[in-house]
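Encoded as structure tokens, the structure appears first; notes follow it.
The values are calculated or read from the model by the stated rules, or taken from the named source; none is laboratory data. Since this is a predicted model, take the numbers as computed values, not measurements. Cβ placement follows ideal geometry from the backbone for every residue including glycine, while neighbour counts extend to all protein chains displayed.
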Amino acid sequence: MKRAMFVHHPLYGAAPPAARRFPAGKHRAVRDALAAALPGARFVEPEPVGRDALLEVHGAAYVEAVLAARVPAPLERRIGFPVTPEVALRARLSVGGTLAAVGLARAAGFSANLAGGAHHAMPDAGAGFCVFNDLAVAAMAEVRAGRRVLVVDLDVHQGDGTALCLAGVEGAFTFSIHAERNFPARKARSGLDVGLPDGCGDDAYLEALERGLAAAFAAAKPDLVLVQAGVDVHEGDALGRLALSDAGLVARSRLVSAACVGAGVPVAATLGGGYADDVEALGLRHALALVALAGGACGEALADAMLQQHEKALFPGAGPA
Ligand SMILES: [Zn+2]
């Protein structure tokens with residue numbers, strides 16, 4: 001990893017009104033954790049995405065409703081919070097952030113948006129805390145520029161919205177590895193879906209991921225990989241049920257990084273899901289997953305150091321046996 005570049009905006013941490021379980025504080029926490037671990041890291045502020053890029057993926061009526069902050073109540077209920085002007089701006093910044101991360105990744109090999117991964121957003125509706133689908137918008141922008149994209153969705157929940165937004169798009173391939181019995185109840189069809197049983201743990205997860213990555217890369221032949229790096233697969237997560245450890249989370253990122261390095265393609269990551277009352281621990285969890293994804297000798301060493309630090313914070317007094 002050269003000088004790591006992350007995309008962040010202060011509004012990422014703006015809490016939507018009356019959103020139960022939306023972990024607003026984690027966006028600031030992950031930025032702080034990365035800044036502490038990587039003194040040379042740069043944080044770039046995104047521009048809000050424009051209407052035309054959104055219309056490549058979303059229907060005009062839905063886009064206009066969000067931009068005007070006049071989303072019908074049934075659609076707001078599917079999203080999980082009311083769409084105020086601030087929520088609408090945050091959604092546009094989040095998509096702009098993923099577009100910016102793609103540009104930075106193409107220049108430097110790796111970048112991450114410290115928001116986004118809004119994989120439940122469908123062409124004509126948001127869902128599950130997702131307003132606009134930044135992964136699909138960024139993938140479409142690459143496809144329009146003549147490049148092939150693979151979306152690797154590591155969140156514990158299936159990337160159903162991304163699968164629907166990119167269905168039939170030549171040059172875009174979606175791979176989702178998730179908990180089969182978790183939300184959404186009705187799964188969409190990705191290019192490749194790997195549904196795992198509850199409580200599957202590190203070994204079974206990593207084995208399934210390695211096989212899935214090989215198949216997805218062979219089918220997609222990507223020029224760029226977009227990662228939804230959700231950490232709700234973790235054993236400490238309030239909503240996930242796959243029971244990955246910290247070391248498993250790092251190993252997961254390293255498998256993806258190695259596949260991208262092997263194929264010689266850049267990686268642009270998005271934050272994705274992660275739910276816990278302790279936002280500092282959650283921020284550290286996201287930071288760990290992102291740093292390990294950056295790969296390279298420096299990324300590897302940092303991920304190891306952060307992992308040790310994290311374990312010390314979680315289990316004070318526990319030393320090597
Ligand atoms: Zn999730």
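Annotations
- Condition check for LEU196: buried (at least 18 other Cβ atoms within 10 Å of the Cβ), away from the ligand (no atom under 16 Å from the Cβ) and either modelled with pLDDT under 95 or more than 21 Å from LEU290 (Cβ to Cβ) (or both): no
- Any chance TYR275 is of a type in the set (Phe, Trp, Tyr) and within 14 Å of the ligand (Cβ to nearest atom): yes
- Residues that are of a type in the set (Gly, Ala, Ser), in contact (Cβ under 8 Å) with a residue 12 or more places away in the chain and surrounded by fewer than 24 Cβ atoms within 10 Å (Cβ to Cβ), drawn from the stretch 112-145: ALA125, ALA127, GLY128, ALA141
- Within the stretch 248-265, none of the residues are more than 16 Å from the ligand (Cβ to nearest atom), among the small types (Gly, Ala, Ser), at pLDDT below 90 and over 23 Å from ALA141 (Cβ atoms).
- Among the residues of the stretch 146-172, the ones that are outside any loop (DSSP other than H, G, I, E, B) and either more than 16 Å from the ligand (Cβ to nearest atom) or surrounded by fewer than 20 Cβ atoms within 10 Å (Cβ to Cβ) (or both) come to 5 in all.
- For first residues located in the stretch 226-243 and without any contact (Cβ under 8 Å) to a residue 60 or more places away in the chain, partners that are β-branched (Val, Ile, Thr) and buried (at least 19 other Cβ atoms within 10 Å of the Cβ) and lie 6+ apart or on another chain with Cβ distances below 9 Å form the pairs VAL231/VAL156; HIS234/VAL156; ALA243/VAL233.
- Of the criteria (1) within 16 Å of the ligand (Cβ to nearest atom); (2) within 15 Å of the chain's Cα centre (by Cα); (3) not aromatic (Phe, Trp, Tyr); (4) not in a helix (DSSP H, G or I), which one ARG285 fails: (4)
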